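Novice: I have a structure here, written as structure tokens, and I will follow up with some questions on it.
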Amino acid sequence: MFRFFENLVDPYTKYEETDAPSQRLLPFLIDYTRPFRRVFWITGALSVVVAIVEIWLLGYLGRLVNILSDGTPAQVWVESGTELVLVAIFLLTMRPLTQALHVLLLNQTIMPNIGTLVRWRAHRQVLRKSVGWFEDDFAGRIANRIMQTPPAVGEVVFQVFDALTFSIAYLVGALILLGDADIRLIIPLLIWFVLYATLLRWVVKKITPASEAASDARSAVTGRVVDSYTNIHSVKMFAHHDREIGYAKEVIEKARLTFQQEMRLYTIMDISLSVLNGFLIVGVVAWAIWLWVHGFADIGVVALATALTLRMNGMSGWIMWAVSNFYRNLGVVAEGMKTIAQPVMLLDGPDAKPLVIADGALELRELSHHYGKDTGGLDHINLNISAGQKVGLVGQSGAGKSTLVKLILRFYDVEQGAIVIDGQVIAEVTQDSLRSAIGMVQQDSSLLHRSVRENIIYGDPNASEDQIIAAAKKAEAHEFILELQDSEGNKGYDARVGERGVKLSGGQRQRIALARVILKDPPILILDEATSALDSEVEAAIQETLYKMMQGKTVIAIAHRLSTIAQMDRIIVMDQGRVIEDGTHNSLLDQNGKYAKFWARQSGGFLGQS
């Protein structure tokens, strides 16, 4: 039974991804909850039915009091026995069945699946964002919003069908019931309702921005705390424990103050509600008694009025909390939308086709990129790299080397000019096909917090175990991998490497990253100080592997240690976003320009200052 209801909606059902989700709350929720539309209608209808049954029960209580007070037990049984038996059968069968269906749809169909659906789609949407988008925010804050929003959406939906639909139907039913008993009884109920609605409106108006502010403050705390944890080596190395505590305390205190403001609203709500409910009980029950004393109502009306007002006294607090919680979670969803609903700016063109690599020739045409600023980045770069050519890229920090690489990988769209691979402008091909054709080993290669095998196979998910091991051997990594063991007892290729690979040395991380690219075997290769983290003995072995790996590929190698690129076909020297020298190692030395000065000023093989 449970499985049937749990499988009514597939949270992973196919859907049409959008590059620009709605920035408005209601359309955003409607779009995300579309697969639940039919279930919502059924659950809402059942919620109304449950409320009607509850109201009917209170009304029947008044009738039952009158039945019991109008005769002896024997007379009551003769005149009303059949009715009492039918009511009992109804209460034992139809009422629990209706409530069971309502609860099963709410607890088994909606609640487990809607949070899963929102989390799944939100994660997919965020992963589509550009690298530049991630660079502009805390990873912790992004993750916190992705984790906070799905349960908040679940709570919003839960309150709609567990409280709001039920309470509206209940209130309408109560007005009808009291009006049917004596129209004058609805007067104090209506006065209470107007005051209650006024309080509710005030709470809602205040609680939404307060909860959004509190949610934003919590995300800021997560962002700063995770930033400290992610960079724990730097924190410890510079002995900045107290500094990080102070850095976190600033946002923790802000979170405390915003939460205080939020809780003040709940306190005002509770006190005001207590006063209002006192008026409700006294007003309705006292009036019912007055009517009974003066012969305008029977004892059943008094019993009905008493039961109904006591029930509404208990429900009013629950409804108020449900409504405020509803809007509080809407505030959390609104805060999460700041991340999830941001448009995807770096897109494949409408007619984008997969990149077709023939030779791997690379051309940069009047390439300029300044990250939206007036200075920095690249300035009118024109460059042709022939298929299979090995090019060294040299320049001081800030010369534009990293920007050039990011643009080739299309982590950013170029502001001016074009990048062309084998005659195809990269802005006109699919991003996945472009990056599948390029392999990159960075100076600080971060690994996934997964097993060694999972990190290496990232280069080719279809690779066999033999191919994984062969790639590791070529990267001089196989022997140390076999000796690895993590805290959970996993060994060798099954050992986990820690977040960003922190359980490994820099050289070990670099060799696993090399193995990953060796396994990928791309036609275009970008090496950004690929061997800088290795000791000289391992580097010599790796260099031989890299040279073999470069055969038949177009290679761009960034280096500060010029000896590692001296044998390249060409060396390109960059300065302030421009290409200032281009030639072989020997020809550049003969020019006695920037490169020659770099070479002359090297200390231990590293690039010096000009």
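The values are calculated or read from the model by the stated rules, or taken from the named source; none is laboratory data. Fair warning: this is a prediction, and the values are worked out from it, not measured in the lab. Heads up, the Cβs are rebuilt from the backbone with ideal geometry, glycines too, and the neighbour counts pull from every protein chain shown. In case anyone asks, the SASA skips ligands and DNA or RNA and just uses the protein heavy atoms, side chains included. Shrake-Rupley method; radii C 1.70, N 1.55, O 1.52, S 1.80 Å.
Novice: Applying the selection to the stretch 184-200, what residues are modelled with pLDDT under 80 and surrounded by fewer than 16 Cβ atoms within 10 Å (Cβ to Cβ)?
Specialist: Across the stretch 184-200, the qualifying residue is only 184.
Novice: Quick check on the stretch 564-588: of everything there that is hydrophobic (A, V, I, L, M, F, W, C) and assigned to a strand (DSSP E or B), which residue is farthest from residue 399 (Cα to Cα)?
Specialist: 571
Novice: Listed residues 405, 441, 420; which is over 24 Å from residue 344 (Cα atoms), among the β-branched types (Val, Ile, Thr) and open to solvent by less than 40 Å² (accessible area, probe 1.4 Å)?
Specialist: Checking each option against the conditions leaves just 441.
Novice: Of all residues being at pLDDT below 85 and either under 21 Å from residue 362 (Cα atoms) or assigned to a loop (DSSP other than H, G, I, E, B) (or both) in the stretch 552-563, which is least open to solvent (accessible area, probe 1.4 Å)? Just the residue, please.
Specialist: 559
Novice: Still on this structure: Filter the stretch 102-122 down to the residues that are in contact with a helix residue (DSSP H, G or I) (Cβ under 6 Å, 6 or more places away or on another chain) and open to solvent by 70 Å² or more (accessible area, probe 1.4 Å) and list them by number.
Specialist: Residue satisfying the conditions is 119 alone.
Novice: Among the listed residues 173, 179, 246, which satisfies the condition of being at pLDDT below 80, in a helix (DSSP H, G or I) and more than 26 Å from residue 321 (Cα to Cα)?
Specialist: 179
Novice: Count, please, the residues in the stretch 48-94 that happen to be outside any helix (DSSP H, G or I) and more than 19 Å from residue 304 (Cα to Cα).
Specialist: Residues flagged as outside any helix (DSSP H, G or I) and more than 19 Å from residue 304 (Cα to Cα) within the stretch 48-94 amount to 3.
Novice: Name every residue in the stretch 123-140 that is among the β-branched types (Val, Ile, Thr) and touching a Phe, Trp or Tyr at 6+ places or on another chain (Cβ under 7 Å), in order of residue number.
Specialist: Passing the criteria: only 131.
Novice: If I ask for residues that are among the polar types (S, T, N, Q), open to solvent by 10 Å² or more (accessible area, probe 1.4 Å) and either touching a helix residue (DSSP H, G or I) at 6+ places or on another chain (Cβ under 8 Å) or part of a helix (DSSP H, G or I) (or both), which ones from the stretch 486-530 would you list?
Specialist: Matches in the stretch 486-530: 508 only.
Novice: Quick test of your reading of the structure: residue 362 fulfils all but one of (1) out of contact with any Ser or Thr (no Cβ under 9 Å at 6 or more places or on another chain); (2) open to solvent by less than 20 Å² (accessible area, probe 1.4 Å). Name the failing condition by number.
Specialist: (1)
Novice: Of the numbered conditions (1) at pLDDT 80 or above; (2) open to solvent by 80 Å² or more (accessible area, probe 1.4 Å); (3) assigned to a helix (DSSP H, G or I), residue 14 fails exactly one; give the number of that condition.
Specialist: Every listed condition holds for residue 14 apart from (3).
Novice: Return the only residue of 338, 353, 401 being modelled with pLDDT of 85 or more and under 26 Å from residue 124 (Cα atoms).
Specialist: Criteria check complete, one pass: 353.
Novice: Sticking with this structure for a sec: Is it fair to say residue 268 is farther than 22 Å from residue 139 by Cβ and either open to solvent by 40 Å² or more (accessible area, probe 1.4 Å) or among the hydrophobic types (A, V, I, L, M, F, W, C) (or both)?
Specialist: The answer is yes for residue 268.
Novice: Please go through the stretch 397-453 and give me each residue that is in contact with a Ser or Thr (Cβ under 8 Å, 6 or more places away or on another chain) and under 26 Å from residue 497 (Cα atoms), ordered by number.
Specialist: Across the stretch 397-453, the qualifying residue is only 443.
Novice: Select, from 481, 518, the only residue that is out of contact with any His (no Cβ under 7 Å at 6 or more places or on another chain), among the aliphatic types (A, V, I, L, M) and touching a residue at least 40 places away in the same chain (Cβ under 8 Å).
Specialist: 518
Novice: When residue 134 is evaluated against the numbered criteria (1) farther than 30 Å from residue 291 by Cα; (2) at pLDDT 85 or above; (3) open to solvent by 50 Å² or more (accessible area, probe 1.4 Å), which criterion, by number, is the only one it fails?
Specialist: So the condition that residue 134 fails would be (2).
Novice: Considering only the stretch 374-388, state which residues are open to solvent by 70 Å² or more (accessible area, probe 1.4 Å) and of a type in the set (D, E, K, R).
Specialist: Scanning the stretch 374-388 gives a single hit, 374.
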